[in-house]
1. Checking N192 against (1) closer than 14 Å to I106 by Cβ; (2) of a type in the set (S, T, N, Q); (3) in a strand (DSSP E or B): exactly one of these is not met. Which one?
2. Can you tell me which residue is farthest from G328 (Cα to Cα) among those in segment 351-366 that are touching a residue at least 60 places away in the same chain (Cβ under 8 Å) and either of a type in the set (V, I, T) or in contact with a helix residue (DSSP H, G or I) (Cβ under 6 Å, 6 or more places away or on another chain) (or both)?
3. Would you tally the residues in segment 139-185 being within 20 Å of the chain's Cα centre (by Cα), among the hydrophobic types (A, V, I, L, M, F, W, C) and closer than 22 Å to I112 by Cα?
4. Considering only residues of segment 92-130 that are open to solvent by 60 Å² or more (accessible area, probe 1.4 Å) and part of a strand (DSSP E or B), which is farthest from V200 (Cα to Cα)?
5. Output the number of the condition that H133 fails; it satisfies all remaining conditions of (1) in contact with a Phe, Trp or Tyr (Cβ under 7 Å, 6 or more places away or on another chain); (2) open to solvent by 20 Å² or more (accessible area, probe 1.4 Å); (3) closer than 24 Å to E198 by Cα; (4) not in a loop (DSSP other than H, G, I, E, B).
6. For segment 94-111, name all the residues that are touching a helix residue (DSSP H, G or I) at 6+ places or on another chain (Cβ under 6 Å) and free of Cβ contacts under 8 Å to residues at least 40 places away in the same chain.
7. If I go through segment 275-297 residue by residue, how many of them are surrounded by fewer than 18 Cβ atoms within 10 Å (Cβ to Cβ), in contact (Cβ under 8 Å) with a residue 60 or more places away in the chain and not acidic (D, E)?
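The values are calculated or read from the model by the stated rules, or taken from the named source; none is laboratory data. For clarity, every value in this text was computed on a predicted model and none was experimentally measured. We place every Cβ from the backbone using ideal geometry, glycine too, and count neighbours over all the protein chains shown. We work out accessible area using only protein heavy atoms, side chains counted, and drop any ligands, DNA or RNA first. Shrake-Rupley method; radii C 1.70, N 1.55, O 1.52, S 1.80 Å.
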Amino acid sequence: MSKSFPNQLFRSIPTKKPIDFPPKQGGNLSFHRPQPPLRVTTTTTTEGRNLKWAVKSGVVEEERATVVVDVEGLVGFLYEDLPHLFDERGIDRAMYDERVRFRDPITKHDTIDGYLFNIRMLKLLFRPEFHLHRAWQTGPYEITTRWTMIMKFIILPWKPELVFTGISIMGINPQTQKFCSHVDRWDSIKNNEYFSWEGVMEVVKQLRYYKTPDLETPKYQILKKTVDYEVRKYAPYIIVETKGDKLSGSAGFNDVAGYIFGKNSSTEKIAMTTPVLTQASDHGSYNVSIQIVLPSEKNLGNLPEPNQEALSLRKVEGGIAAVSRFSGKPTEDIVQEKEAKLRAALLRDNLKPREGCLFARYNDPGRTWSFIMRNEVLLWLEDFALD
C-alpha cells in the first residue's frame with residue numbers, strides 16, 4: 001500500500017551505512033555490486049509519535065529492525081547443496097522463497113514449484129551431470145556460482161551430449177534469509193536474456209551426431225565452453241609414441257598399434273583406446289610424433305618395454321587445453337586452418353596458448369562416414385584461471 005509523507009519528514013536523518021533495501025517477498029528485486037559487508041543494519045527515527053518509515057535518497061529504514069545476512073554461511077550451503085541438484089536427494093527446497101524467480105536463456109519460472117519442475121524435466125529428458133567449480137559473494141544480497149552442466153539427451157537414438165558452462169547469480173532475500181532469484185548466464189552465447197533465440201540455436205547445434213567409439217579416452221573435465229572452443233582440464237596419461245610425418249598423417253601408426261597388439265617385451269596385448277594423437281612441437285609442424293594413449297590402469301612401472309628402438313613410453317602430465325571439434329575428412333590444410341582459428345580465438349580472449357598443437361582422431365577413417373567423424377585440435381594453455 002502506498003503512503004504519502006508530509007514534507008517535513010524529508011530531512012536529514014542520522015543513519016549507518018546506506019543500503020539498497022530489497023522490496024518484500026514477491027516484489028521486483030534488483031541487485032547492485034558494491035563491496036559486500038556480511039552484516040547489514042538499519043536505524044530508526046522518532047518525531048512526535050513513533051514513525052514506522054522514513055525515507056531519504058532512496059534509503060528505507062524500518063523501526064528497531066536489524067537485518068543480518070550470513071552470506072558466508074549461504075556460500076557454504078551452496079557448496080554442499082548444489083552437487084545434489086540432479087541426484088535423488090535434490091536441493092533443499094526450504095532455502096528458497098516460494099516466489100523464487102528463475103531465468104535462463106530459454107526457461108523461466110517464478111515459483112519454487114516451477115523451479116523444481118524444471119529440474120525434474122531435465123532429469124526425465126536428459127542424464128544431467130552438474131559440477132560446481134566455485135561460489136563467491138558478489139553483492140550485499142548476491143552470490144555468484146560458476147559451473148559446468150553436461151546432459152546426455154537419452155530420448156534421441158544417438159544420445160548427443162550437450163555441454164553448458166556459465167554462472168548463476170543467486171539473489172538473497174534479507175527478510176527471509178533465503179534465495180529469491182536465480183539467473184543463469186551461458187558462456188557460449190551473447191544474448192542471455194529470456195527468451196533468447198541464440199540460446200535455442202545453441203541447443204540445436206549440440207544435437208548433431210559425432211561418432212565416438214565406446215573406448216576409454218583420456219580423462220578430462222570441461223571447465224568452460226564458448227562459441228569457439230572448450231577449455232578442458234586433463235588428468236595425466238601415458239602414451240606410446242614414435243615419429244610421424246604430419247599432423248593429419250598416419251606414418252608410424254602401425255608401429256604404435258603393434259605395441260598394444262602384443263609386439264612388446266612380454267607379448268602383452270593391451271586394450272585399445274581413443275583418440276589417436278599426432279603432435280607438432282612447433283608451428284611449422286617439422287617435428288611430429290604419433291601417439292596412442294594407454295589405459296588408465298597402466299603406469300610406467302607395469303608396462304612392457306617396446307621391441308622397437310623407435311618407440312618410447314612417456315607420461316603426459318596433463319593440464320589445461322583449449323579444444324576445437326569438427327567433422328569431415330581431416331586433410332593437412334584443414335587441420336592447420338582449424339589450429340590457426342583456435343589460436344586466434346584464444347588470443348582474442350586474452351588466453352595464452354603454447355607453441356605446438358595436438359590433433360586427435362577418434363574414428364577409423366575406413367569404417368566411418370566423414371560427416372560423423374569426431375576430430376579435435378588441442379592447444380595447451382598457460383596461466384588459465386576461471387573467472
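1. Against the list (1) closer than 14 Å to I106 by Cβ; (2) of a type in the set (S, T, N, Q); (3) in a strand (DSSP E or B), N192 comes up short only on (3).
2. Of everything passing the filter in segment 351-366, C357 is farthest from G328 (Cα to Cα).
3. Number of matching residues: 7.
4. E98
5. (3)
6. Residue satisfying the conditions is H109 alone.
7. The number of residues fulfilling the criteria is 4.
This table checks each residue for (1) farther than 29 Å from A344 by Cβ; (2) open to solvent by less than 40 Å² (accessible area, probe 1.4 Å); (3) among the hydroxyl-bearing types (S, T, Y).
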| site | (1), (2), (3) |
| --- | --- |
| I239 | no, yes, no |
| G252 | yes, yes, no |
| V256 | yes, yes, no |
| T267 | yes, no, yes |
| T273 | yes, yes, yes |
